[in-house]
1. For an R0 of 56 angstrom, estimate the FRET efficiency from the Cβ-Cβ distance between Glu111 and Ala331 and round to the nearest 0.05.
2. Counting other Cβ atoms within 10 Å, which GluC sites (Glu not before Pro) in the stretch 335-397 have at most 16 and lie in a DSSP loop?
3. With +1 assigned to the C-beta of every Lys and Arg and -1 to the C-beta of every Asp and Glu, and no other charges, what is the dipole magnitude of the chain about the Cα centre in debye, to the nearest 20?
4. Identify which of Ala73, Ala299, Ala146 has the largest mean-square fluctuation in a Gaussian network model of the chain, with springs joining Cα atoms closer than 10 Å.
5. In the stretch 80-174, which GluC sites (Glu not before Pro) fall in coil by DSSP and have 15 or fewer other Cβ atoms within 10 Å?
6. Skipping prolines and chain starts, which residues have an amide H placed within reach, meaning under 5 Å, of the one on Leu114, given they are 5 or more residues away or on another chain?
7. Using the beta-carbon distance between Val355 and Arg280 and R0 = 22 Å, what value does 1/(1 + (r/R0)^6) give for FRET efficiency, to the nearest 0.05?
8. What is the spin-label model distance, in nm, from Arg173 to Asp40 if the labels are put 7 Å beyond Cα along the C-beta direction?
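Quick note: the coordinates plus some simple rules give every number you see, no bench work behind them. This is a predicted model, so every value here is computed, not measured. Backbone-built Cβ (ideal geometry, glycine too); neighbour counts: all protein chains shown.
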Amino acid sequence: MDRHQRPAVADRVLTEREGALVAQTLSGERTIVAPEEVVDTPAMVVDEEILHRNIAEMQAFAASVGVTLRPHAKTHKTPQIARLQVAAGAVGLTCAKLGEAEVFVDQGGVEDVLLAYPIVGEPKLRRLLALMERAHVTVAVDTADAASRLSEAMTANERVLDCYVEVNTGQDRAGARHGEEAVALARELARMPGVRPVGVMTHEGHAGASHPEAIAETAFAAGRALVATAEAIRGYGIPIRSVSVGSTPSSPYTPTIAGITEMRPGTYVFNDNTAFRHGRLGPDRCAARVVATVVSRPAPDRAIVDAGSKALAYDPSPSHPGHGYVVGHPAATIARISEEHGVVIVPEGEPGFAVGDRVEIIPNHVCPAINLTDELLVVRDGRVIDTWRVAARGRVR
């Protein structure tokens, strides 16, 4: 029989198991779904054991360096996972958008939320005021214009809103520049009625994007700049109590700086292909994988899987070539994707890519990949034991 043909049903399970065993022996990696478990693909599958380990280890690290953990929920968008994080000791959640926060408060029972994104526009101000009736909400502010509108809305409704000054420590995205610019913004906030500056925050994402050998130095520099800015603001009598950093790649470094009080990693809950480049973890620490089926083998060096851009997202990765990491097949490359097709370049003699075979793909960037799916299949010991709805998917307003 040609090796690209589908084996007979009677031989199917043994062939798949043997192929998977060979691949995993060569790579030292394991899949999380048992070969005989039926899964309709493409599907986002989460290994319960790895998930719990990731949550517990980050919580333990935060405690060991004396900071609180406020995970960023944009990664998982799932109330069940939020409850696990809070039960483990998280003080609350970080959300990017109001829509996410509304889901986690109303469906996840979360009582304390940081909105790490500017709140601008009358519809959002109405929703913010409503959310403040149901949970404690803190909002990141990086311009006086946005702050003044928050001030007007809070004053008109006889409310006081806690705010973090968002500080640019080198990423050059949003945020007032660390030092004098951020201090000036904090002083303006302190003079406005209805808003109360209680903290400073940064997203040192540029550290994670730096070369692995430079990540620690970059993270430390960002953290020191934030602490110095907080101290300068306190010098004007403004009681800054929270000094908050947020980045999974830099999480081993920035929170260790004296003066940091809070950390906000997000991706750690699952981990992904991009995290491999920092050398601290590999596929065995990646809880979420896209399970896909080989639907075509049009050439000896090419296979087609049923996971394209609508399952994997388009984000590139500096860690591994292509559009995701095929577990157990490190030499295979998802060379290109269209909406529903993943084109895999298969090395000669590589097992496990016959039509009908399944593969597990670790996304390059798990956050947008999660936002593409309605549900997570939770597996324990290779078996699907539960289905969790990604309730905050698409909540980008």
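1. On the way: r = 48 Å, r/R0 = 0.86.
For R0 = 56 Å, the calculated efficiency reads 0.70.
2. Values: sites: Glu339, Glu340, Glu348, Glu360, Glu375; in loops: Glu339, Glu340, Glu348.
Listed in order of number, the matching sites are Glu339, Glu340, Glu348.
3. Working: 41 positive and 49 negative charges, 160 e Å.
Once rounded to the nearest 20, the dipole reads 760 debye.
4. Of Ala73, Ala299, Ala146, the most mobile in the Gaussian network model is Ala299.
5. Glu111, Glu133, Glu158
6. Close amide H contacts, sequence-distant or interchain: Leu93, Thr94, Cys95, Thr138.
7. Details: r = 37 Å, r/R0 = 1.68.
Calculated transfer efficiency: 0.05.
8. For Arg173 paired with Asp40, the spin-label model returns 3.5 nm.
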